Amino acid sequence: MRPLLPLIAPQNPDVWRRRPAAHMLGSAVAKGLSVSNSASTGAGKSILIVGASRGLGRAMAAEFATRGWSVVGAVRAAKTPLHALAAERPDKVEVEMLDMTDHDQIRSLRDRLSGRLFDIVFINGGIVNRTPSDTMADVSTEEFVNVMLTNVLGVMRAVEHLGVLARPGGVIGVMSSGQGSIANNASGANDVYRASKAALNQSMSSYAGRHAGEGRAIVLMAPGWIRTELGGPGAPFGVEEVMPQIVDVLAAQQGRPGLRFLDRNGDTVPW
């Protein structure tokens, strides 16, 4: 599978605006999303993160482990930064193998974890086509299919099969993007990536509708433009800078059933 490539800078800087953590927490409390000590510090809590090998996924695993959560991270390769984290924190971090584009491997992971329940199940997956500025007329069929397979079908298969491992009152989340917002798309840039994240959002809405009576929060997280292999070196924020905010928002969704498209400040992103 093609390695991740950097995104070009978004045309609407408001999508990636910066706010201090104190503002985010104040906003969360105002919306009834108060982050309790038990939710944030993670006594007895657990999370399954698919796509945890590096970047945002690995940083999320590290942040939850630091807060005392037990973390199971699924990765595609045999030697990753998550393996190094697990070696440092064997009491808190386990590693599972999974290629999210392989349907059989997703089912196998579900079977291996059968009988365990997690407070949060989070699916982190995303690639971009080789030339992000390509329009639909320019992108090759192979590249288009590869992006959609990874960003939509792979993620949703993981949600469908692994979402059952989220405990009642828990959270099922995916890494979406502000670029998946149709309402916020004024630039027309990054056509293929935008289309994949909009399709993911729609698919998650369908999933939420089918599972509405199960009492879990369904969260699409828009993290912002961050310096990762996907985001590129020109992004304004570092992973370590934003991950505590992302984790605060995810932890605050426990016990709050329903579908939400949120940014790392806890604010609703327009669909």
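The values are calculated or read from the model by the stated rules, or taken from the named source; none is laboratory data. No experiment lies behind these values; they were computed from the predicted model shown. Cβ: placed from backbone, ideal geometry, glycine included. Neighbour counts: every protein chain shown. Protein only, heavy atoms only, side chains kept; ligands, DNA and RNA dropped before computing areas. Shrake-Rupley method; radii C 1.70, N 1.55, O 1.52, S 1.80 Å.
A few notes on this one:
- A simple spin-label model places pseudo-atoms 7 Å from Cα toward Cβ; at THR135 and SER114 they are separated by 5.1 nm.
- Maximal additional length on extending the ALA212-ASP267 stretch stands at 17.6 nm, based on 0.36 nm per residue less the C-alpha distance.
- Calculated on the Cα set of the stretch 70-112, radius of gyration then Dmax: 10.9, 31 Å.
- Put simply, the amide H of VAL93, placed in the peptide plane, has neighbours under 5 Å in VAL71, leaving out anything fewer than 5 places away on its chain.
- In this structure GLU96 has an accessible area near 40 Å², from a 1.4 Å probe over the protein heavy atoms.
- Proximity of backbone amide H atoms, modeled 1.01 Å from N, is registered between ALA74 and ILE49, VAL50, GLY51, ALA52, GLU96 at under 5 Å, excluding neighbours fewer than 5 places apart on the same chain.
- Theoretical gain in end-to-end length, ASP102 to ARG89 [0.36 nm per residue, Cα-Cα removed]: 1.8 nm
- Antiparallel bridge percentage (DSSP; both residues within the stretch 136-271; nearest 5): 10
- When each of the peptides 192-198, 254-260 is scored by the mean number of other C-beta atoms lying within 10 Å of its residues, the order from highest to lowest reads 192-198, 254-260.
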